[in-house]
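S.K.: Questions regarding the structure given below will be posed in turn.
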Amino acid sequence: MRELEKVYDPSKVEDKIYKLWTDGGYFEGVRDPAKKPFTIVIPPPNVTGRLHLGHAFDCTLQDILTRFKRMQGYAALWLPGTDHAGIATQIRVEESLRNEGLTRHDLGREKFLEQVWDWKNTYGSRIVDQLKKLGSSCDWSRERFTMDEGCSAAVREVFVSLYEKGLIYKGNRIINWCPACTTALSDTEVEHEERSSLLYHLKYPVKGSDEFLVVATTRPETMLGDTAVAVHPDDKRYKHLIGKSIVLPLMEREIPIIADDYVDMEFGTGCVKMTPCHDPNDFEVGLRHELEQILVIDESAKIINAGKYNGLDRFDARKAVLADLEELGLLSSAREHTNNVGTCYRCGTIVEPLTSEQWFVKMKPLAKEAVEVVDDGTVKFVPERFAKIYTHWMDTVRDWCISRQLWWGHRIPAWYCACGHTTVSRKDPDKCEKCGSPDIQRDEDVLDTWFSSALWPFSTLGWPEKTEDLDYFYPTDVLVTGYDIIFFWVARMIFSGMEHMKEAPFHTVFIHGIIRDSDGRKMSKSLGNGVDPLEAIAAYGADALRFNIVTGNSPGNDTRFYPERCEAMRNFANKIWNASRFVMMNLTIGHNELPEKLELEDKWILSKLNTLAGEVCENLDDFELGVAAAKIYDFIWDSYCDWYIELTKPRLQGAGGGQDSGGEDDGAIRAQKVLLYVLTETLTLLHPFMPFITEEIWQALPHGEDPDVSALMIRTYPAFTEALCFPEDEAGFESIMSAVRAVRARRAEMNVPPSRKPSLTIVTDKPDVFEAGRTYLGRLAYAGEVTIQRNAPCDLSGLVSVVTGDAQLFIPLAELVDVAKERERIEKEIGKAKADIERFEKKLSNEQFIAKAPESVVGAEREKLANLRALLGNLQFTLDNLHS
RNA sequence: GGAGGCUUAGCUCAGCUGGUUAGAGCGCUCGCCUCACACGCGAGAGGUCGAUGGUUCGAGUCCAUUAGUCUCCACCA
């Protein structure tokens with residue numbers, strides 16, 4: 001047993017404790033046929049990223065669940081790893097190249113990739129180290145990276161097998177293009193922002209007539225690529241024009257007027273210009289009507305195929321087109337209009353829809369099972385409402401564009417031959433599989449980063465190999481992540497698991513919100529309002545940060561981060577520290593066991609602890625982590641420190657609690673035993689939430705009953721047990737507590753200093769209950785001699801009375817009392833008691849209530865009424881005997 | 001245009017399947033350096049749980065309507 005310092009200093013403890021855990025190998029997930037596995041795979045952070053509060057939140061939740069299950073005897077595995085994060089990482093390396101005046105093209109693909117790998121190797125361990133600072137109990141021996149050999153093999157296998165099943169295809173379709181990242185994006189990677197813009201009305205002349213059709217658009221530059229004008233087939237205004245044609249202004253191209261249901265007659269003029277290459281709807285309409293496709297905006301957002309406008313940036317082209325139309329008198333009007341603008345989720349650039357040759361995953365067939373498995377409850381969302389969001393997305397999802405025009409990522413395993421055949425293969429081919437020509441070219445593109453993330457729950461366990469890990473740990477149990485990546489990641493993992501493993505990758509998706517700043521704003525680099533978790537750890541300790549993050553919020557909801565709350569949690573850590581210090585200072589025993597004989601207060605605290613253990617387990621099983629944490633907090637601070645420790649002080653000093661003294665069953669020894677037992681159990685309960693301080697203290701405590709257990713983190717988690725249920729004793733002790741509180745309140749009102757210790761006479765019809773608390777009752781109520789009797793003193797002169805439901809207490813402090821005020825106070829209390837009694841009487845005389853409410857509720861109400869009546873009697877008695 | 005969240009003490013938030021006298025942290029008031037802790041101890045003040053209606057013996061908790069607010073999804077040019 002070591003001496004502890006007066007103030008807990010996390011910085012001196014955390015690294016040492018973390019090392020103790022890793023040295024002990026306690027984080028390792030060990031396949032044990034005798035145990036049930038519990039598996040969590042980490043949402044892999046970007047390999048070059050830095051830890052932010054979002055990670056801290058996410059990982060704290062996972063760590064709590066993992067530690068809890070591990071301590072409950074599961075073969076727990078929390079599998080860590082990092083993500084190559086294609087676009088994000090490539091952008092960053094390109095940025096650093098730009099500082100040297102270079103682009104990736106100057107280096108060439110191979111050299112550039114070398115640089116990215118260097119970058120990855122330099123920064124890849126940073127985020128991992130930061131996760132360790134948090135106390136994450138990940139199995140680092142199984143750490144993975146989405147581009148390591150195994151994950152790459154999984155990606156290759158999945159791509160090829162989906163291709164063979166016809167679920168991956170290449171096609172020329174309209175996709176979202178980011179001109180800044182110069183790559184295609186999937187629908188999920190486009191963020192929609194509402195912006196106000198101008199809606200222009202353009203006049204298109206009808207060929208061979210002096211009529212005009214007026215079309216509305218927010219993007220006039222796309223008119224350069226118009227290949228039709230559409231009206232509704234039933235629109236009487238335009239019926240006569242269907243089949244005729246328009247002479248497209250500026251381009252002088254003849255384009256047809258077509259009829260399509262897509263057009264809303266009510267909106268605008270009822271005429272819609274069709275730009276199949278640059279609008280998803282127009283693209284669809286174009287397919288139906290076999291319209292010509294003219295690409296007028298290229299990959300860098302410059303105009304092409306449009307004569308004099310060629311080479312202009314899309315926004316400059318807009319101005320030019322408008323000016324020219326104006327001059328021709330073909331610009332009829334413009335008005336304010338709010339519409340949604342798609343932007344790139346990585347760089348914020350406005351996305352350009354354009355047609356392009358890309359690879360896609362056919363989603364409909366994959367979505368079917370992925371929806372079923374959530375609908376039938378095989379996969380549960382916590383909170384449930386996110387299941388609806390998920391299934392709605394799955395039901396309406398469109399094909400997933402998976403090719404990216406990047407270099408950093410999994411290169412698409414497709415080879416093209418001049419004969420027109422595409423070879424897609426598990427092994428790099430050296431010739432065309434159809435014509436045998438060795439002159440084949442590999443596809444230049446890589447896959448969407450999320451394509452590899454989708455395989456994470458099984459690729460990390462060794463798939464496509466049949467590994468023992470995969471066999472034992474798959475499917476995983478809980479997936480913990482924020483609601484912002486349900487579509488990006490969770491949805492894709494579910495259909496991937498169903499397709500490739502024939503089994504959902506996890507049974508529970510535990511969704512949390514995001515952490516905002518103290519003003520409720522999203523934390524972002526541009527606002528500079530981000531809180532660095534490492535700074536918080538340095539200032540308050542990892543335990544305080546963790547506790548702050550998990551308390552005071554509920555699943556799925558956003559939460560605000562207040563540094564002051566960290567301070568409160570640091571104080572809590574310090575409280576535990578000092579309570580432990582107190583216990584150790586008073587300890588003469590060398591092992592942890594409960595005494596044979598228990599005092600009333602012992603039974604009270606043990607009973608409370610037992611209830612706590614049961615509730616915490618329940619809460620954790622239900623993912624109510626914040627609730628569980630708050631209960632432990634209250635127990636430690638209120639029940640254990642403020643009450644129980646205070647109660648033991650006289651006992652520890654040999655002032656009683658037992659008649660006998662010396663020997664094994666000495667009162668002081670028994671107090672020590674209970675103190676140590678409750679502390680140890682409490683530390684164990686708290687450990688998943690505050691792993692460092694609890695482990696540090698536990699290492700310093702004697703724990704003879706755990707000879708085989710070398711660390712708290714692998715000790716068995718407490719559970720509810722019938723053996724430690726003492727409801728009557730618990731209630732009895734609560735009577736004493738309310739008496740103590742009542743005396744303290746009266747003394748505070750009268751400004752009696754703690755040094756003044758008048759005698760105390762307790763009048764009660766439960767003398768045995770109070771007798772059990774006699775020794776320390778005096779201490780907590782600052783009393784001198786304590787007398788317990790059934791009848792009120794004959795002479796009440798000089799006495800002040802304090803009343804509870806169970807007792808009347810008399811203190812000789814009358815000279816401090818202002819009788820008039822006292823009378824007023826008592827009368828007020830009598831009034832309140834009478835009102836309460838009336839309320840309960842009314843309730844209890846309601847036959848419906850008696851008949852329909854459960855017996856336990858009725859019984860409780862009856863008891864409350866009885867208590868109130870006793871209280872009223874006592875108050876009345878006091879008032880009657882108040883000497884003036 | 002759909003879907004959902006939030007609205008509870010001055011501030012930020014808990015309150016699980018309806019059953020106390022509605023809780024916590026911070027802040028505030030009063031009194032305490034009481035031999036674990038001033039990162040502390042004791043005692044307080046402060047809320048008709050957004051509004052209206054309903055279900056129920058009983059509603060902050062369930063249902064409907066409504067207001068404010070935030071978010072997600074959506075092809076109306």
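The values are calculated or read from the model by the stated rules, or taken from the named source; none is laboratory data. Quick caveat: nothing in here was measured; it's all calculated off a predicted structure. Positions of Cβ are generated from backbone atoms using ideal geometry, with glycine treated the same way; all protein chains shown enter the neighbour counts. For accessibility, only protein heavy atoms count, side chains too; no ligands or nucleic acids. Shrake-Rupley method; radii C 1.70, N 1.55, O 1.52, S 1.80 Å.
S.K.: In segment A:802-823, what residues are within 21 Å of residue A:739 (Cα to Cα) and either without any contact (Cβ under 8 Å) to a residue 24 or more places away in the chain or of a type in the set (Ser, Thr, Tyr) (or both)?
M.R.: A:804
S.K.: Moving on to the next point. Kindly provide the set of residues from segment A:497-526 that are out of contact with any helix residue (DSSP H, G or I) (no Cβ under 8 Å at 6 or more places or on another chain) and not in a loop (DSSP other than H, G, I, E, B), ordered by number.
M.R.: A:508, A:516, A:522
S.K.: Here's another thing I want to ask about it. Take segment A:545-585 and flag every residue that is over 17 Å from the mean Cα position of the chain (by Cα), closer than 24 Å to residue A:50 by Cα and either more than 8 Å from RNA strand B (Cβ to nearest atom) or of a type in the set (Asp, Glu) (or both).
M.R.: A:563, A:564, A:566, A:567
S.K.: For segment A:302-345, which residues satisfy the criterion of being under 18 Å from residue A:204 (Cβ atoms), within 16 Å of RNA strand B (Cβ to nearest atom) and not in a helix (DSSP H, G or I)?
M.R.: Within segment A:302-345, A:330, A:331, A:332, A:333, A:334 qualify.
S.K.: Here is a further query. Within segment A:411-425, can you find the residues that are touching a residue at least 40 places away in the same chain (Cβ under 8 Å) and either touching a Ser or Thr at 6+ places or on another chain (Cβ under 9 Å) or not polar (S, T, N, Q) (or both)?
M.R.: A:412, A:413, A:414, A:424
S.K.: Continuing with the same structure: For residue A:7, work out the one condition from (1) within 16 Å of RNA strand B (Cβ to nearest atom); (2) in a loop (DSSP other than H, G, I, E, B); (3) in contact with a Lys or Arg (Cβ under 9 Å, 6 or more places away or on another chain); (4) of a type outside the set (S, T, N, Q) it doesn't fulfil.
M.R.: Of everything listed in (1) within 16 Å of RNA strand B (Cβ to nearest atom); (2) in a loop (DSSP other than H, G, I, E, B); (3) in contact with a Lys or Arg (Cβ under 9 Å, 6 or more places away or on another chain); (4) of a type outside the set (S, T, N, Q), residue A:7 misses just condition (3).
S.K.: Another question, then. Would you mind stating whether residue A:13 is of a type in the set (Val, Ile, Thr), within 16 Å of RNA strand B (Cβ to nearest atom) and surrounded by fewer than 17 Cβ atoms within 10 Å (Cβ to Cβ)?
M.R.: For residue A:13, the condition - of a type in the set (Val, Ile, Thr), within 16 Å of RNA strand B (Cβ to nearest atom) and surrounded by fewer than 17 Cβ atoms within 10 Å (Cβ to Cβ) - is not met.
S.K.: Can you tell me how many residues within segment A:208-222 are loosely packed, with under 14 Cβ neighbours inside 10 Å and in contact with a Ser or Thr (Cβ under 9 Å, 6 or more places away or on another chain)?
M.R.: 1
S.K.: Please pick out the residue among A:307, A:268, A:243 that is of a type outside the set (Lys, Arg) and within 17 Å of residue A:216 (Cβ to Cβ).
M.R.: Result: A:268 is the single residue among A:307, A:268, A:243 that is of a type outside the set (Lys, Arg) and within 17 Å of residue A:216 (Cβ to Cβ).
S.K.: A further question on this structure: Out of curiosity, is residue A:515 within 13 Å of RNA strand B (Cβ to nearest atom), farther than 25 Å from residue A:146 by Cα and of a type in the set (A, V, I, L, M, F, W, C)?
M.R.: yes
S.K.: Yes or no: segment A:235-249 includes at least one residue that is modelled with pLDDT under 90 and among the polar types (S, T, N, Q).
M.R.: no
S.K.: Ok, one more. Of the numbered conditions (1) hydrophobic (A, V, I, L, M, F, W, C); (2) within 13 Å of RNA strand B (Cβ to nearest atom); (3) more than 49 Å from the chain's Cα centre (by Cα), residue A:212 satisfies every one except a single condition; which is it?
M.R.: Result: residue A:212 fails condition (2) only.
S.K.: Continuing with this model, one more query. Out of segment A:228-252, which residues are part of a strand (DSSP E or B) and either buried (at least 16 other Cβ atoms within 10 Å of the Cβ) or within 8 Å of RNA strand B (Cβ to nearest atom) (or both)?
M.R.: Passing the criteria: A:228, A:229, A:230, A:231, A:245, A:246, A:248.
S.K.: Oh, and also: Only one of A:529, A:548 is without any contact (Cβ under 8 Å) to a residue 60 or more places away in the chain, open to solvent by less than 60 Å² (accessible area, probe 1.4 Å) and not in a helix (DSSP H, G or I); which?
M.R.: Exactly one of A:529, A:548 is without any contact (Cβ under 8 Å) to a residue 60 or more places away in the chain, open to solvent by less than 60 Å² (accessible area, probe 1.4 Å) and not in a helix (DSSP H, G or I), namely A:529.
S.K.: Just to be sure before I move on: is residue A:610 farther than 30 Å from residue A:56 by Cβ, open to solvent by 40 Å² or more (accessible area, probe 1.4 Å), over 19 Å from the mean Cα position of the chain (by Cα) and more than 6 Å from RNA strand B (Cβ to nearest atom) in the structure I sent?
M.R.: No; evaluated as a whole, the condition is false for this residue.
S.K.: Under 6 Å between Cβ atoms, which residue pairs at least 6 apart in sequence (or on different chains) link something in segment A:177-198 that is within 19 Å of residue A:484 (Cα to Cα) and assigned to a strand (DSSP E or B) with a partner that is open to solvent by 70 Å² or more (accessible area, probe 1.4 Å) and polar (S, T, N, Q)?
M.R.: Close Cβ pairs satisfying both conditions: A:192/A:340; A:194/A:338; A:194/A:340.
S.K.: May I pose another question? In segment A:831-884, how many residues are in contact (Cβ under 8 Å) with a residue 12 or more places away in the chain, among the small types (Gly, Ala, Ser) and within 11 Å of RNA strand B (Cβ to nearest atom)?
M.R.: Residues flagged as in contact (Cβ under 8 Å) with a residue 12 or more places away in the chain, among the small types (Gly, Ala, Ser) and within 11 Å of RNA strand B (Cβ to nearest atom) within segment A:831-884 amount to 1.
S.K.: Quick test of your reading of the structure: residue A:266 fulfils all but one of (1) outside any strand (DSSP E or B); (2) within 16 Å of RNA strand B (Cβ to nearest atom); (3) touching an Asp or Glu at 6+ places or on another chain (Cβ under 8 Å). Name the failing condition by number.
M.R.: (3)
S.K.: Considering only helices (runs of 4 or more DSSP H) fully contained in segment A:678-775, which possess at least 3 residues that are open to solvent by 30 Å² or more (accessible area, probe 1.4 Å) and closer than 30 Å to residue A:792 by Cβ?
M.R.: Answer list for segment A:678-775: A:727-749, A:767-772.
S.K.: With the condition kept exactly as written, say whether any residue in segment A:32-39 is surrounded by 13 or more Cβ atoms within 10 Å (Cβ to Cβ) and either in a helix (DSSP H, G or I) or modelled with pLDDT under 95 (or both).
M.R.: No, there is no match, as no residue in segment A:32-39 is surrounded by 13 or more Cβ atoms within 10 Å (Cβ to Cβ) and either in a helix (DSSP H, G or I) or modelled with pLDDT under 95 (or both).
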